[in-house]
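Accompanying notes for the structure given below.
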Amino acid sequence: MPKISYHDIERIIEFDFVRATEAAALNSLRWLGRGDKEAADAAACDAMRGMFDLMNICGEVVIGEGIKDEAPGIFKGEQLGTWLPGAPPFDIAVDPIDGTTNISKGAPNSISCIAAASPKEGVKVALRDVPSFYMSKLAYGPRVIDYMKKRGDSLKIDMPIAETLAIVARAVDKRVQDVAVMMLDRPRHKEIVEQIRECGASLRMIGDGDIAAAMAPAIPDSGIDLYMGIGGSPEAVLAAAGIKCLGGDMQCVMWPRDDKERKALVAAGHKADLNRVFFADDLANGKNIIFCATGISDSAMLRGIRAQGASATTYSILMRAKSRTVRFIRASHDLKNKTIRLRSDSREHRI
């Protein structure tokens with residue numbers, strides 16, 4: 001029997017990835033505001049795995065979560081999908097809940113997201129597994145890129161903040177005081193916050209969930225012009241996949257937390273990469289990339305789930321780097337009939 005040839009496999013399979021983030025978001029909703037982020041994450045992981053069990057792919061997790069958060073997770077090296085003979089291969093990066101602390105507090109800015117890449121000739125590593133715990137990040141949208149190409153100005157992650165804000169302001173046709181910068185609310189950002197405020201720019205501080213935040217400058221009408229600050233390395237790769245699909249870019253540099261981590265990175269052979277600036281294409285390489293996410297609570301990228309009685313409405317985004325098609329998907333779910341397959345017992349469950 002001849003082997004099936006899959007042409008443009010991402011187009012065939014992409015909506016199944018959205019179903020996986022929808023399932024993770026819906027299954028974690030009951031934990032919104034309940035103060036138990038581990039239970040929320042476990043529910044999201046169980047539903048996401050259950051959906052992958054129905055997908056005819058050979059998926060390998062190249063960037064997972066759980067170890068970083070010391071929580072239940074979908075881990076690096078895990079196999080997802082049916083793995084039937086002839087099923088198409090995918091490298092997968094997941095974050096069943098980006099913003100677990102937010103969901104436990106009932107706060108905004110939590111999403112469920114997946115990035116997936118099918119192998120392409122000449123691309124050795126589509127989704128890079130960065131060895132450092134944190135990275136310093138700078139993310140911006142297509143208008144900034146177009147401006148830099150036309151005017152020759154160049155953003156650099158290590159340039160003075162005043163220069164960065166001036167370039168971004170000119171690119172988006174705003175005064176510096178009207179530029180909106182999004183950043184995680186962390187003590188480590190104290191000096192950056194002070195410099196941004198000295199320049200007069202506007203800050204949008206978030207508690208957790210910097211995947212959606214880093215993508216926000218590339219999303220039209222998000223109200224965010226720039227993302228900067230230090231956050232998780234796995235989140236940087238997922239954000240890079242989405243940013244590529246949106247036509248934006250980001251710059252990242254490994255940020256060792258202390259001398260012990262720096263020495264460990266050097267000992268592991270990463271000395272040359274410590275000062276390297278990684279752009280979006282370095283973290284998510286090639287064009288065979290899909291990014292999708294479903295909102296759990298409201299963020300700059302997506303509305304959260306709206307549940308009332310026996311119905312729920314989810315808001316998702318689905319994008320492909322190859323075509324740069326961006327789909328915003330509003331789905332209505334009849335909870336009297338809706339079921340979610342869970343990996344824990346391989347059964348369908350009502351929400």
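Scanning the range 247-289 for residues that are open to solvent by 50 Å² or more (accessible area, probe 1.4 Å) and in contact with an Asp or Glu (Cβ under 7 Å, 6 or more places away or on another chain) returns a single hit, Phe279. Listed by position, the strands (runs of 3 or more DSSP E) contained in the range 256-351 that have at least 3 residues being more than 15 Å from the chain's Cα centre (by Cα) are 306-308, 311-320, 326-334, 339-342, 347-350. With respect to (1) open to solvent by less than 10 Å² (accessible area, probe 1.4 Å); (2) touching an Asp or Glu at 6+ places or on another chain (Cβ under 9 Å), the lone exception for Gly295 is condition (2). Of Ile4, Ile74, all but one fail to be open to solvent by less than 10 Å² (accessible area, probe 1.4 Å), modelled with pLDDT under 95 and not in a helix (DSSP H, G or I); the exception is Ile74.
Name the residue that is farthest from Gly59 (Cα to Cα), counting only residues in the range 111-125 that are hydrophobic (A, V, I, L, M, F, W, C) and buried (at least 24 other Cβ atoms within 10 Å of the Cβ). Steps first, please.
Of the range 111-125, the ones hydrophobic (A, V, I, L, M, F, W, C) are 111, 113-117, 123, 125.
Adding the requirement that they be buried (at least 24 other Cβ atoms within 10 Å of the Cβ) leaves 111, 113-117.
Details: Ile111: 21, Cys113: 15, Ile114: 12, Ala115: 11, Ala116: 9, Ala117: 10 Å.
Going through the qualifying residues, I end up with Ile111.
Taken over the range 85-110, the criterion of being under 26 Å from Arg128 (Cα atoms) and surrounded by fewer than 24 Cβ atoms within 10 Å (Cβ to Cβ) is satisfied by Gly86, Ala87, Pro88, Pro89, Asp91, Thr101.
For the range 222-255, the set of residues classified as within 15 Å of Tyr134 (Cα to Cα) and outside any strand (DSSP E or B) consists of Ser233, Pro234, Glu235, Ala236, Val237, Leu238, Ala239, Ala240, Trp255, listed by residue number.
Only one of these is modelled with pLDDT of 95 or more, under 16 Å from the mean Cα position of the chain (by Cα) and crowded, with 19+ Cβ neighbours inside 10 Å: Val168, Val61, Val144. Name it. Give the steps one after another, and end with the answer.
Values: Val168 fails: under 16 Å from the mean Cα position of the chain (by Cα); Val144 fails: under 16 Å from the mean Cα position of the chain (by Cα).
None of the others qualify; the one that does is Val61.
Would it be correct to say that Lys156 is more than 20 Å from the chain's Cα centre (by Cα) and either touching a residue at least 60 places away in the same chain (Cβ under 8 Å) or in a loop (DSSP other than H, G, I, E, B) (or both)? Break it down stepwise before answering.
Details: more than 20 Å from the chain's Cα centre (by Cα): yes; either touching a residue at least 60 places away in the same chain (Cβ under 8 Å) or in a loop (DSSP other than H, G, I, E, B) (or both): yes.
The answer is yes for Lys156.
All conditions but one from (1) charged (D, E, K, R); (2) over 21 Å from Ser28 (Cα atoms); (3) open to solvent by less than 20 Å² (accessible area, probe 1.4 Å) apply to Glu163; the one that does not is (3).
Being in a helix (DSSP H, G or I) and open to solvent by less than 30 Å² (accessible area, probe 1.4 Å) is the filter here, so list the residues in the range 171-212 that pass it. Working first, answer last.
Our first condition is that a residue be in a helix (DSSP H, G or I); within the range 171-212, this holds for 171, 176-178, 187-199, 210-212.
Answer for the range 171-212, where residues must be in a helix (DSSP H, G or I) and open to solvent by less than 30 Å² (accessible area, probe 1.4 Å): Ala171, His189, Val193, Ile196, Asp210, Ile211, Ala212.
The values are calculated or read from the model by the stated rules, or taken from the named source; none is laboratory data. Just so you know, these numbers come straight off a predicted model, no measurement behind them. Every residue, glycine as well, gets a Cβ built from its backbone with ideal geometry; the counts of neighbours run over all protein chains shown. With ligands, DNA and RNA removed, areas are computed over all heavy atoms of the protein, side chains included. Shrake-Rupley method; radii C 1.70, N 1.55, O 1.52, S 1.80 Å.
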